[in-house]
Every structure is written in structure tokens, then in C-alpha cells.
1. On the basis of being assigned to a loop (DSSP other than H, G, I, E, B) and open to solvent by 60 Å² or more (accessible area, probe 1.4 Å), does residue 309 make the cut?
2. Go through the stretch 67-89 residue by residue and tally those that are open to solvent by 30 Å² or more (accessible area, probe 1.4 Å) and under 20 Å from the mean Cα position of the chain (by Cα).
3. Identify, from the list 237, 265, 187, the residue that is under 22 Å from the mean Cα position of the chain (by Cα) and more than 22 Å from residue 133 (Cβ to Cβ).
4. Looking at (1) within 23 Å of residue 165 (Cβ to Cβ); (2) without any contact (Cβ under 8 Å) to a residue 24 or more places away in the chain; (3) not aromatic (Phe, Trp, Tyr), which one does residue 1 not meet, given that it meets all the others?
5. Hey, can you tell me all the residues within the stretch 1-24 that are surrounded by 14 or more Cβ atoms within 10 Å (Cβ to Cβ) and aliphatic (A, V, I, L, M)?
6. Please find, among 266, 271, 282, the residue that is out of contact with any helix residue (DSSP H, G or I) (no Cβ under 6 Å at 6 or more places or on another chain), in contact (Cβ under 8 Å) with a residue 60 or more places away in the chain, exposed (fewer than 15 other Cβ atoms within 10 Å of the Cβ) and not in a loop (DSSP other than H, G, I, E, B).
7. Select from the stretch 249-263 the residues that are open to solvent by 20 Å² or more (accessible area, probe 1.4 Å), more than 24 Å from residue 71 (Cα to Cα) and part of a helix (DSSP H, G or I) and list them in ascending order.
8. Test residue 145 against the criterion of being under 18 Å from residue 42 (Cβ atoms), open to solvent by less than 30 Å² (accessible area, probe 1.4 Å) and modelled with pLDDT of 90 or more, and give yes or no.
Amino acid sequence: MLPSIDQLYEGVRAGDRALIGRAITLVESRNPDHQVRAQEMLHRLLPHAGNSQRVGISGVPGVGKSTFIEALGSMLTDRGRKVAVLAVDPSSGRTGGSILGDKTRMDKLSADMNAFIRPSPSAGVLGGVARATRETIVILEAAGFGTVLVETVGTGQSETMVADMVDFFLVLMLPGAGDELQGIKKGILELADMVAVNKADVFEDKLKQAVNGYKSALHIMSDASPDWHPPVVTCSGLTGYGLAELWERIEKHRRIMDANGERAGRRQEQRLLWLKNQVRDRLLDDFYSSNAVSDKLAVVEEGIRAGKITVSNGVQQLLSSFRGIED
């Protein structure tokens with residue numbers, strides 16, 4: 001039997017881990033009735049959300065994200081903070097993903113009662129993985145988690161997706177900047193509020209070169225804020241070296257962005273973007289759920305395969321069917 005909205009609301013507010021999990025499962029559900037209930041629950045929880053520090057964490061393959069996140073999360077819980085770790089993997093339905101493996105590797109953090117680790121939902125969730133993650137953040141903030149770490153598991157679009165839902169975007173890199181800089185996408189560095197060169201304990205001889213290389217790359221890019229230039233720091237998730245200083249930089253960024261109003265402005269823009277994305281997602285869902293579109297789609301696809309109609313003409317036919325306009 002499904003818990004009532006009152007039970008979910010009270011359970012989330014009380015920090016009941018089982019009911020927090022049920023609340024998150026509800027927002028991930030594709031069932032239309034569940035979606036209605038989820039929105040009612042979120043509406044009640046929303047006034048209690050918004051007070052966390054949301055940090056996005058991305059990194060190149062092999063950079064040691066899981067070890068880093070566990071070490072950072074454990075450091076914060078040792079200081080009395082409640083930490084949630086979420087993952088965004090829009091490619092999981094295609095590749096199988098690895099987030100469940102990541103979760104099992106975070107043994108210490110998984111067992112910490114002041115931490116909560118949640119894998120990304122499977123592909124195909126109504127409105128997409130990003131919607132479910134955003135709404136999960138609302139639930140966790142209402143449950144009292146003051147720090148939310150959002151990990152990107154996929155590549156490409158997941159970085160932008162996460163940057164659009166956090167206050168601070170941290171990019172983990174490996175030493176050896178000379179060769180690696182050639183493979184870094186300019187886009188991910190443009191998103192960065194800080195670059196952290198991880199595994200400093202393993203590649204001590206390459207640290208200085210790596211730091212200088214990343215600083216040079218950031219120097220030629222425009223800063224997102226006139227009051228913040230993304231720093232480059234060194235750390236080790238394995239030994240804990242540099243993590244306290246790294247977190248102090250994130251806290252400093254929060255103080256600056258609070259003072260100049262940019263943090264509040266960033267969240268306002270993110271909410272508006274969330275609105276636009278949800279409108280798009282709902283329209284797409286309605287479009288492909290339409291019987292008229294389903295009936296026409298096979299005919300249009302066959303016409304395009306045979307070269308009898310153009311793609312633009314096929315689009316027009318599908319839109320006309322969706323709108324109920326006769327050919």
C-alpha cells in the first residue's frame with residue numbers, strides 16, 4: 001500500500017530514510033496518477049527546501065570521482081553536516097551505466113546515517129533524468145540535507161544538465177596537463193567554478209605542470225562572475241589531502257555569491273530553465289503518446305526511407321496529425 005501524501009510529507013520532514021526513499025521513488029514514477037501525487041507532495045515540501053549548498057562534480061574517466069566524493073562527503077559528515085549524493089546519467093539506459101557500482105564502492109559513506117546516496121533513475125522516466133534529480137533535491141533539502149553533491153556519470157549533455165541545477169560546479173582533472181589539455185572540451189571548463197587536480201599523492205612530479213596548464217586554459221575564458229575567477233587546486237581523494245581547503249573555497253564562493261546576489265539570481269534562472277525544459281518534455285510525451293501521431297508515424301517513416309517525402313514534409317504531416325488537422 002502506498003503511503004499517503006501526509007505520511008510522505010511528515011516522513012521527509014522527520015528525516016525518515018525509508019519514507020525519503022519512497023518519496024523519491026514517487027517522483028521517479030512514470031505512472032500519471034503517481035505524478036499527480038508527487039506534485040502535491042512537492043508543493044507541500046517546497047517551502048522547506050532551497051537551503052542547501054548544491055555542488056555539481058564532474059571529471060574525466062579514471063579521475064577517481066567515487067573515492068573523492070566519499071572522502072569529501074565523509075569529511076563533511078564528520079563535521080556534523082548532512083550530505084546527499086545524487087547521480088545524473090542520461091546515457092544509463094543505453095550503456096547500462098555504472099552508478100550502482102559507484103554506490104557499492106562508497107562503503108563508508110553508504111553506511112553513514114548522515115549521508116544519503118541515490119543512483120540516477122533508469123532512462124525513460126517521464127520528463128527525463130534531470131527532472132527527477134531536480135525534484136529529488138527538493139525532497140532531500142526538505143529532509144534537512146544541507147549539502148547536496150550531484151555527480152555526472154555520463155558525458156557531454158550530463159555536465160550541462162548538472163551545471164543548470166547546482167550552485168557550484170567542480171571539475172576534477174588528472175595531472176599530466178600537457179597531453180590532457182588537448183582532449184579537454186572547452187565547454188566543461190567554461191562551466192567550472194573550480195578545477196581540482198586529483199590524485200596529487202600519485203603524480204606529485206606532474207602537479208605543478210598540471211596546475212599551470214589548467215590555469216592557462218581558464219585564463220583565456222570569460223569568467224561567469226566578475227567577482228569570481230575559477231581557482232585551480234590540488235587534492236587527493238585517497239589520502240584526504242587538500243579537501244578541507246577545497247571545501248573552504250566552495251564556502252567562500254557561496255559567501256561572495258550571497259553578498260552580490262548572484263546565487264539567488266542563478267537559482268531564479270535555473271527555475272525558469274526548469275520550467276521551459278518541463279514544458280518541452282511534457283509536449284514531447286504528449287506528442288508521442290498521441291494515437292493520431294502513432295498511426296501516421298509508420299507511414300511517414302516509410303516515405304522517408306523510400307525517399308518519397310522530405311524530412312520537413314514528414315515533420316509537417318506528424319504535427320498536423322497531432323493538431324488534428326486533416327492533410
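1. Here the answer is no, as residue 309 does not meet what is asked.
2. 3
3. After applying the criteria, what remains is 237.
4. Only one criterion in (1) within 23 Å of residue 165 (Cβ to Cβ); (2) without any contact (Cβ under 8 Å) to a residue 24 or more places away in the chain; (3) not aromatic (Phe, Trp, Tyr) is unmet by residue 1, namely (1).
5. 5, 8, 12, 19, 20, 23, 24
6. From the options 266, 271, 282, the qualifying one is 282.
7. 256, 258, 259, 260, 262, 263
8. Taking the combined requirement at face value, the residue satisfies it.
The values are calculated or read from the model by the stated rules, or taken from the named source; none is laboratory data. Nothing here was measured: the structure is a model prediction, and the numbers come from that model. Counting neighbours? That spans all protein chains shown, and the Cβs are built from the backbone with ideal geometry, glycine included. We work out accessible area using only protein heavy atoms, side chains counted, and drop any ligands, DNA or RNA first. Shrake-Rupley method; radii C 1.70, N 1.55, O 1.52, S 1.80 Å.
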